[in-house]
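Here, each number is a calculation from the coordinates, and none is a lab measurement. Computed from a predicted structure; not experimentally measured. Neighbour counts run over all protein chains shown; Cβ positions are idealised from the backbone, glycine included.
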Amino acid sequence: MKQVASVESIINALSELENDLDNISSKTDEMKRRLVNSSHEQIEHLKENIINLGNGEAKKIIDTARQEAEKESSTILKNSDNELANIKRNIESSYDKAVEVAVKIILWGKA
């Protein structure tokens, strides 16, 4: 009888141990899920931060490029205005001579 009681107590102890191991396994699985979920949340948060930083940098680059393009277009416009003014001055300064040459050609057939 004593052996039967001993075997029963061992079986009970092993059963409790098995229950404890199942509980530990269940808790471990739950902790693993929480850790995975937390990791995914952190990854999403970091992705958002990186995207925001990238957008900020892209905006800075675009703004800088726009300012440089505006500055360059202003310089080009200024240069073209100067060239146009030079052409107008050249036309005005040689207008009288061009009229004189045209009249000679019309009247005399040669310059």
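Annotations for the structure displayed:
- Mean projected area (nm²) of the alpha-carbon convex hull when region 50-91 is viewed from all directions: 2.5 nm²
- Estimated Rh, the chain: Kirkwood, alpha-carbon pairs, angstrom: 24.0 Å
- Count of Lys pairs (Cα-Cα under 22 Å; at least 8 positions apart or interchain) in the chain: 7
- Since only Ala58, Met31, Ile76 are under comparison, the one whose Cα sits farthest along the positive direction of the charge dipole of the chain, derived from C-beta charges on Lys, Arg, Asp and Glu, is Ile76.
- In Hz, Karplus ³J(HN,Hα) per residue of region 2-17 (6.51, -1.76, 1.60; θ = phi - 60°; x = Gly, Pro): 5, 5, 5, 5, 5, 5, 5, 5, 5, 4, 4, 5, 5, 5, 5, 4
- Arg66 sits among other residues whose Cβ lies under 14 Å from its own Cβ, and their net charge, with Lys and Arg +1 and Asp and Glu -1, is -1.
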